[in-house]
Amino acid sequence: MIFLTAAILSFCSIIYELQLAALLASFLGNTIFRYILVVGLYLSALGIGAILANRWLKTVNESAWFLCKLEVILSLLGSSSILLLGLFYLHSSALVFLFLSYSVVILIGILSGFELPILLHLKIDKQPAILAMNYFGAVAGSLFFSLFAFPQLGLFATSFLVGAFNGLVVVILAWKLKSKFLIMAGLFIVIILLLAIFAATSWQDNFSAIFSAL
């Protein structure tokens, strides 16, 4: 189960990175520069998260609980990130928008940076396999986003779908921890986000119309 979790988390992380880069490039232009900047900031934030995780890790049980709660936060923040950046773009000045949008990139990156060190801490004897699944998940996420999610679903639906995957990880971890509350919380997040995907197409159309008129 931990190998599946590692793959799902890296799958989600790379898509968050790519969709934020795509949206900022769309808003601000200079596509190559924006992609490079977002990727650089996100990778740096992953490193910060990894450092913080290694400092805070204690027992295996505490790490598992921490990861479960972390995924609740990531599912909510990641799924709403595209909407947040859109609101920032509409209701803030250029400098404020830059600060807020890159802050979202860094925050998601830091939170995602906690994931791999925690997984490695949970199964010390399985570290090479966990790392391998992490890399495979990132490749799968890159291909999924570029070939299907971005052209077929759009950024709104993609953010909801990826957030739902984070919610699925909450359910998996909570099941292992035997926490009925977190199982219900994870299922609630998954159901709400899956329902949101059906509404996302019309939101995406309205979203594009608003920004094309600016």
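Among the residues of the range 63-83, at least one is closer than 22 Å to GLN152 by Cα, within 14 Å of the chain's Cα centre (by Cα), of a type in the set (A, V, I, L, M, F, W, C) and surrounded by fewer than 22 Cβ atoms within 10 Å (Cβ to Cβ). Pairs meeting the criteria (first residue in the range 57-84 and of a type in the set (Phe, Trp, Tyr), second residue outside any helix (DSSP H, G or I) and at pLDDT 90 or above, beta carbons under 9 Å, at least 6 apart or on different chains) are PHE66/PHE114. Taken over the range 1-56, the criterion of being part of a loop (DSSP other than H, G, I, E, B) and touching a residue at least 40 places away in the same chain (Cβ under 8 Å) is satisfied by MET1 alone.
Tell me, which residue of the range 166-214 that is touching a Phe, Trp or Tyr at 6+ places or on another chain (Cβ under 7 Å) and modelled with pLDDT of 85 or more is farthest from SER81 (Cα to Cα)? Among them, the one singled out is LEU177. Could you go through the range 108-124 and let me know if any residue there is part of a helix (DSSP H, G or I) and surrounded by fewer than 19 Cβ atoms within 10 Å (Cβ to Cβ). Yes. Please determine, by comparing only the residues of the range 86-107 that are surrounded by 20 or more Cβ atoms within 10 Å (Cβ to Cβ) and modelled with pLDDT of 90 or more, which one is nearest to PHE11 (Cα to Cα). Per the criteria, the residue is VAL105.
The set of residues in the range 109-156 being among the aromatic types (Phe, Trp, Tyr) and over 19 Å from ALA53 (Cβ atoms) consists of PHE136, PHE144, PHE145, PHE148, PHE150, PHE156.
The values are calculated or read from the model by the stated rules, or taken from the named source; none is laboratory data. Being a predicted model, the structure only gives us computed values, none of them experimental. Cβ coordinates were reconstructed from backbone atoms using ideal geometry, including for glycine residues, and neighbour counts include every protein chain displayed.
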